[in-house]
Amino acid sequence: MSNALVTDLYELNMAASYLRHEMTGTATFSLFCRRLPRDRGFLVAAGLEDCLSFLEEFAFDEADLEYLASIGFAEDTLRRFRSLRFTGEVWAVPEGSIVFANEPLLEVTAPIAEAQLVETYLLNQCTFQTALATKAARCRIAAAGRIDIVDFSLRRTHGIEAGIAVARLSAMCGFAATSNVEAARRFELRPSGTMAHSYVEAFDDELEAFVTFANDFPERATFLVDTYDTMAGVTHAIAAIRALGLEDRAAVRLDSGDVVGLARQTRDRLDTAGLGNVRILVSGGLDEHDLARFVAEGVPIDAVGIGTRLGVSDDAPYLDTAYKLVEYAGRPVVKLSAGKATLPGPKQVFRRPGMRDTITCRDEAPPRQSVPLLELVMTSGKRARPATTLVALRSQFEAQLRDLPEQALSLVSPVVPVAVTSDTLRSLDDEVRATARAITRD
């Protein structure tokens, strides 16, 4: 199935005009986030893998061209579109990397029509997936290694593919499992699931429901105990666990009410019954702030299912991202609009220990004790290397998280690291701005 029309009309308009006027020079576009959302001390770069797949497969099919003809595109434009493919290169920050405002997540260099046409998709995926990965990372930070986190988001995400992305990104950021079976299969994740209240309601007796379920699925016997009276449900779960010998592999799940108070009562009742190994899972509209409270108050919770608030990144559902031309035909360019000014030319970001970042021109020598963040990931329209495994991405995320300053980890009012600009890039910016201003005065 073609993907070329997954774009905005103005991208097609501009590309058609470039081609008609033989503007085939090489352009570099930079994709970055202008500013971080409130209470975000960092972002976690994500979406690159889907972007590279899109670029490799980019093409117009005959149905696309027929539709474009129907809305007024000329035959000479359609002829050019028919043979157009993405032939450029991409420099990008690997997924799972921690980034800050104004740092390129990726840069595309290609003939200008090609680079223009892919803008919408690249912005869509990088923006959406980076927002989700950042939300998942905040949950991982809040859990402090004391609570397992499970992705429960599929039923509330804005579309099925969004649910698949959440499962992948939450695994990258340290979640233990997902309820999303297709994502578990696709990415080799651990699937996790219990039962619904409807299952309990379908039986005449709650204990009968628990025993029946546990007989069918003894290796994943987690009892949802709050359908009627929660503490009575815990008593019935204890009876089922003892009757079936599930002392070392069962769990109970709390999904409503005062989960803090109920978790304490449940733990007391389980321990009194000699069931210290039975775990407690809680769910129901939770997020990173709830996780932080559970940890701070020592609530006896072993695992948490995070759904809606993760799946839509509810407190920061979008990022102020941009995809801007920074060079055309060897000429650095800038945008001077108030509040939306850009830096000229292809770039690199160098990082020193402690997340001290410097944005530079791409061909600059690195500052001392620094490493480059952007890597060449695509050349001539093809991946420069195989896709990185999810295990490797998770390791990278964990390593960068350890280097993030403590104040940037705060869930509320973090101190956000700010990248500095190199002297060379500042000088280039001053020069290009002066040229741009002179043009506007002529």
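Taken over the range 411-442, the residue count meeting the criterion of being surrounded by fewer than 13 Cβ atoms within 10 Å (Cβ to Cβ), of a type in the set (S, T, N, Q) and not in a helix (DSSP H, G or I) is 1. Residues of the range 10-28 that are free of Cβ contacts under 8 Å to residues at least 12 places away in the same chain and either hydroxyl-bearing (S, T, Y) or open to solvent by less than 40 Å² (accessible area, probe 1.4 Å) (or both): Y10, S17. Take the conditions in contact with an Asp or Glu (Cβ under 9 Å, 6 or more places away or on another chain) and closer than 23 Å to G381 by Cβ and apply them to D8. Does it pass? So D8 fits the description; yes. Of everything in the range 186-198 that is open to solvent by less than 60 Å² (accessible area, probe 1.4 Å) and within 16 Å of L281 (Cβ to Cβ), the residue that is modelled with the lowest pLDDT is T194. Pairing residues of the range 141-159 that are open to solvent by less than 70 Å² (accessible area, probe 1.4 Å) with residues that are aromatic (F, W, Y), at Cβ distances under 8 Å and at least 6 apart in sequence or on separate chains, gives I147/F294; I149/F175; V150/F175; D151/F175. All of T109, T134, T127 fail the test of being open to solvent by 10 Å² or more (accessible area, probe 1.4 Å), assigned to a helix (DSSP H, G or I) and among the hydroxyl-bearing types (S, T, Y), apart from T127. Just one of the numbered conditions (1) under 22 Å from G345 (Cα atoms); (2) touching a residue at least 24 places away in the same chain (Cβ under 8 Å); (3) not β-branched (V, I, T) is not true of D423: (2).
Being closer than 17 Å to I141 by Cβ, modelled with pLDDT of 95 or more, in a loop (DSSP other than H, G, I, E, B) and β-branched (V, I, T), is that true of even one residue in the range 300-316? Scanning the range 300-316 turns up at least one residue that is closer than 17 Å to I141 by Cβ, modelled with pLDDT of 95 or more, in a loop (DSSP other than H, G, I, E, B) and β-branched (V, I, T).
Being more than 24 Å from Q125 (Cα to Cα) and not acidic (D, E) is the filter here; which residues of the range 69-101 pass it?
A69, S70, I71, G72, F73, A74, T77, L78, R79, R80, R82, S83
I want to confirm something. Restricting to the range 355-389 and keeping residues that are in contact with a Phe, Trp or Tyr (Cβ under 7 Å, 6 or more places away or on another chain) and modelled with pLDDT under 95, which single residue is farthest from V93 (Cα to Cα)? Per the criteria, the residue is P367. Within the range 279-296, is there a residue that is in contact (Cβ under 8 Å) with a residue 24 or more places away in the chain and more than 24 Å from S170 (Cα to Cα)? There is no residue in the range 279-296 that is in contact (Cβ under 8 Å) with a residue 24 or more places away in the chain and more than 24 Å from S170 (Cα to Cα).
Examine the range 89-98 for a residue that is in contact (Cβ under 8 Å) with a residue 60 or more places away in the chain, more than 16 Å from the chain's Cα centre (by Cα), open to solvent by less than 20 Å² (accessible area, probe 1.4 Å) and closer than 27 Å to C361 by Cβ, and state whether such a residue exists. Taking every residue of the range 89-98 in turn, at least one turns out to be in contact (Cβ under 8 Å) with a residue 60 or more places away in the chain, more than 16 Å from the chain's Cα centre (by Cα), open to solvent by less than 20 Å² (accessible area, probe 1.4 Å) and closer than 27 Å to C361 by Cβ. Counting only residues that are in a helix (DSSP H, G or I) and either buried (at least 16 other Cβ atoms within 10 Å of the Cβ) or touching a Cys at 6+ places or on another chain (Cβ under 8 Å) (or both), the range 213-234 holds 6 of them. Only a single item in (1) within 20 Å of the chain's Cα centre (by Cα); (2) open to solvent by 20 Å² or more (accessible area, probe 1.4 Å); (3) touching a residue at least 24 places away in the same chain (Cβ under 8 Å) is not met by P372, and it is number (1).
Contact map, the range 339-365: residues that are more than 14 Å from P104 (Cα to Cα) paired with residues that are open to solvent by 20 Å² or more (accessible area, probe 1.4 Å) and among the hydrophobic types (A, V, I, L, M, F, W, C), Cβ distance under 7 Å, separation 6+ or inter-chain. Pairs shown: A341/V334.
Looking across the range 317-329, the residues that are under 18 Å from R433 (Cβ atoms) and open to solvent by 40 Å² or more (accessible area, probe 1.4 Å) come down to K324, L325, E327. For T388, the requirement of being touching a residue at least 12 places away in the same chain (Cβ under 8 Å), within 22 Å of the chain's Cα centre (by Cα) and not in a helix (DSSP H, G or I) is met. Evaluation of R34 against the conditions (1) open to solvent by less than 10 Å² (accessible area, probe 1.4 Å); (2) closer than 22 Å to P332 by Cβ; (3) of a type in the set (D, E, K, R) shows that the sole unmet condition is (1).
The set of residues in the range 47-88 being open to solvent by 30 Å² or more (accessible area, probe 1.4 Å), polar (S, T, N, Q) and touching a residue at least 60 places away in the same chain (Cβ under 8 Å) consists of T87 alone.
Applying the criterion of being in contact (Cβ under 8 Å) with a residue 24 or more places away in the chain and assigned to a strand (DSSP E or B) to the residues of the range 325-338, the residue that is nearest to L122 (Cα to Cα) is L325.
Listed by position, the helices (runs of 4 or more DSSP H) enclosed by the range 8-87 that each have at least 1 residues that are under 30 Å from E398 (Cβ atoms) are 48-57.
The values are calculated or read from the model by the stated rules, or taken from the named source; none is laboratory data. Remember, it's a predicted structure, so these values are computed and weren't measured experimentally. Cβ coordinates were reconstructed from backbone atoms using ideal geometry, including for glycine residues, and neighbour counts include every protein chain displayed. We work out accessible area using only protein heavy atoms, side chains counted, and drop any ligands, DNA or RNA first. Shrake-Rupley method; radii C 1.70, N 1.55, O 1.52, S 1.80 Å.
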